[in-house]
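Chemist: Here you go, one structure.
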Amino acid sequence: MKQLIKLKVNGDEYEIAVAPWKTLNEVLRKELNLTGTKLGCGTGDCGACTVLVDGKAVNSCLTLAVEVQGKEITTIEGLAESEDKLHPIQESFIEKGAVQCGFCTPGMIMTTKYFLENNPSPTVEEIKKALDGNLCRCTGYVKIIDAIQDAAKKMKGGK
Amino acid sequence: MNFRYFKPGSVGEAIYLKKEYKNSKYVAGGTDIFVLIKKKAIKPDALISLRNLNEIKGIEENEKFVFIGAGTTLRELEQSEVVRKYFPALYDALINMASVQIRNVGTIGGNIVNASPGADTASPLLIYDAKVVIIMDDFKERELPLDEFFKGPKQVFLAEEEIVKGFLLKKPVKNSGSAYYKFMKRNAMDLANAGVAMNIKIGDDDIIEDIKVGLTTVAPTPIRATGTEEFLIHKKFSEEILEQAGNIAKKECSPIDDIRGKEWHKREIIKAYIKRVGMIAYKRAKLI
């Protein structure tokens, strides 16, 4: 039995009918065609599905769409400042070669967004800890850490 | 998958719905229950979300006690000054639990009611003498010491309709310190192979005036190591005495061989960690 719900994603309001057991991940990808958010393990281990709900990083695969009605949802598609200007985290990931196959990247970037907002000047150890819930299977962590350090600098205005 | 979903705004409404739908489940953060549903290990007809119940959220303190609402997320606790100041063993557990994505939605109530023998918040709560505050189906409240709440692996003494309101913890006394440490195979997103929590009060001449030891993943439920506590109380604190206590703890727990590790290895970890955690707790006791 479907329920009519209102979702606010990247500033846009949607009114859609969804079954209560549909996850936020399924609704974003299949109903709203926002396929930037990936689905990896489906059990909260890999972090490829990470999105922000009211500014907090969560696994969209373990979140029901009906549960996040009325909340602000941000996905990788909503991060860039405009069509021609990427977010500094996205720029740093490209510049530092932190993207290989790219499947983990949206989740990595959303986790980084949440992390840097709470900790603008992190140490390498803190970055590693922040990525506890994000797996990269191309073994690219070194460059991802470089990119996060670089993004932190950019976001503080180059200091 | 096929279930109805409700998000009641009050405890009364939640209990009413639980009575209406026999094969239903309460759900808080959902990080465990959704995995079980996806694996088809459980097939509830209805889910009753507890996320809108402000009555079971937040942290309150008075002179002697701190009350932690069951619906408080693990991340909120980790960021709480009260937790950091009074309950460092709980803080030790929180920062090494799961991932930040999970901690942003998972709740302390969920971790306890789920009753995994390896529940990370359990042994810290045990050493702070936590009482579980439960709202019964007639809306009256009852209290139960946490060590009497666990029944067996994944089982607690909680009736179908009852809701855990929260946990009542004693504030630390002067000259006391506490810590928690767990052994993990990898350093991220891992469950404890074995863990030790300790709360110690040091008196004049380094005499142990009070001691509480909690163990994780080495028995059917999280447990207090009462034999170890009896051995340590009123003794003079030293590394040697902790070593002897470790030998008692390793015998009084009852781990099993499983996917996480071998029985003998878990016993050795417990022995080593009694000393390690004891030293940290002692240092913290000296700081206050």
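The values are calculated or read from the model by the stated rules, or taken from the named source; none is laboratory data. From a predicted model like this one, the values you see are computed outputs, not experimental measurements. All Cβ positions, even for glycine, are placed from backbone atoms using ideal geometry, and neighbour counts span all protein chains on display. Quick note on the areas: whole protein, heavy atoms, side chains included, nothing else; ligands and nucleic acids left out. Shrake-Rupley method; radii C 1.70, N 1.55, O 1.52, S 1.80 Å.
Chemist: Please go through (1) surrounded by 24 or more Cβ atoms within 10 Å (Cβ to Cβ); (2) more than 19 Å from B:Tyr26 (Cα to Cα); (3) among the polar types (S, T, N, Q) for B:Asn175 and return the number of the only condition it doesn't satisfy.
Modeler: Unmet condition: (1).
Chemist: OK, next. Among the residues of the range B:8-36, which ones are buried (at least 19 other Cβ atoms within 10 Å of the Cβ) and facing chain A (nearest Cβ under 8 Å)?
Modeler: B:Gly30, B:Thr31, B:Phe34
Chemist: What helices (runs of 4 or more DSSP H) completely inside the range B:22-110 contain at least 2 residues that are within 20 Å of B:Leu168 (Cα to Cα)?
Modeler: In the range B:22-110, B:74-78, B:81-86, B:88-95 are the helices (runs of 4 or more DSSP H) which contain 2 or more residues that are within 20 Å of B:Leu168 (Cα to Cα).
Chemist: Now for a separate question. Can you find even one residue in the range A:4-12 that is without any contact (Cβ under 8 Å) to a residue 24 or more places away in the chain, not aromatic (Phe, Trp, Tyr) and not in a loop (DSSP other than H, G, I, E, B)?
Modeler: The answer is yes; a qualifying residue exists.
Chemist: Given the criteria at positive phi, more than 9 Å from chain B (Cβ to nearest Cβ) and out of contact with any helix residue (DSSP H, G or I) (no Cβ under 7 Å at 6 or more places or on another chain), does A:Asp54 qualify?
Modeler: Yes.
Chemist: Which condition from (1) more than 14 Å from chain A (Cβ to nearest Cβ); (2) open to solvent by 20 Å² or more (accessible area, probe 1.4 Å) is the one that B:Lys39 breaks?
Modeler: (1)
Chemist: Among the residues that make up the range B:222-243, is at least one of them within 18 Å of B:Met97 (Cβ to Cβ), open to solvent by less than 50 Å² (accessible area, probe 1.4 Å) and either in a strand (DSSP E or B) or not acidic (Asp, Glu) (or both)?
Modeler: yes
Chemist: Of the numbered conditions (1) within 14 Å of another protein chain (Cβ to nearest Cβ); (2) not in a loop (DSSP other than H, G, I, E, B), A:Phe93 satisfies every one except a single condition; which is it?
Modeler: Single failed check for A:Phe93: (1).
Chemist: Only one of A:Lys2, A:Lys56, A:Lys96 is in contact with a Phe, Trp or Tyr (Cβ under 8 Å, 6 or more places away or on another chain) and open to solvent by 20 Å² or more (accessible area, probe 1.4 Å); which?
Modeler: A:Lys56
Chemist: Among the residues in the range B:188-195, are any at negative phi, surrounded by fewer than 19 Cβ atoms within 10 Å (Cβ to Cβ), among the acidic types (Asp, Glu) and at pLDDT 95 or above?
Modeler: Within the range B:188-195, none of the residues are at negative phi, surrounded by fewer than 19 Cβ atoms within 10 Å (Cβ to Cβ), among the acidic types (Asp, Glu) and at pLDDT 95 or above.
Chemist: Could I ask something else about it? Out of the residues in the range A:103-129 that are in a helix (DSSP H, G or I) and of a type in the set (Val, Ile, Thr), state the one that is farthest from A:Gly157 (Cα to Cα).
Modeler: Here the residue is A:Thr105.
Chemist: Could I ask something else about it? Residue under question is A:Asp132, and the condition is that it be surrounded by 16 or more Cβ atoms within 10 Å (Cβ to Cβ) and not in a loop (DSSP other than H, G, I, E, B); does it hold?
Modeler: No.
Chemist: So which residues in the range B:247-271 are touching a strand residue (DSSP E or B) at 6+ places or on another chain (Cβ under 9 Å) and open to solvent by less than 50 Å² (accessible area, probe 1.4 Å)?
Modeler: B:Ala249, B:Cys253, B:Pro255, B:Gly261, B:Lys266, B:Ile269, B:Ile270
Chemist: Quick one: which residue in A:Thr123, A:Thr139, A:Thr105, A:Thr74 is away from every other protein chain (no Cβ under 14 Å), open to solvent by 10 Å² or more (accessible area, probe 1.4 Å), of a type in the set (Ser, Thr, Tyr) and in contact with a helix residue (DSSP H, G or I) (Cβ under 8 Å, 6 or more places away or on another chain)?
Modeler: Just a single option satisfies the conditions, and that option is A:Thr105.
Chemist: Can you tell me which residues in the range B:93-113 are over 16 Å from B:Thr216 (Cα atoms), open to solvent by less than 10 Å² (accessible area, probe 1.4 Å) and out of contact with any strand residue (DSSP E or B) (no Cβ under 6 Å at 6 or more places or on another chain)?
Modeler: Listed by number, the residues that qualify are B:Ser99, B:Gly106.
Chemist: Looking only at the range B:111-151, count every residue that is farther than 22 Å from B:Val11 by Cβ, modelled with pLDDT of 95 or more and small (Gly, Ala, Ser) and tell me the total.
Modeler: Qualifying residue count for the region: 2.
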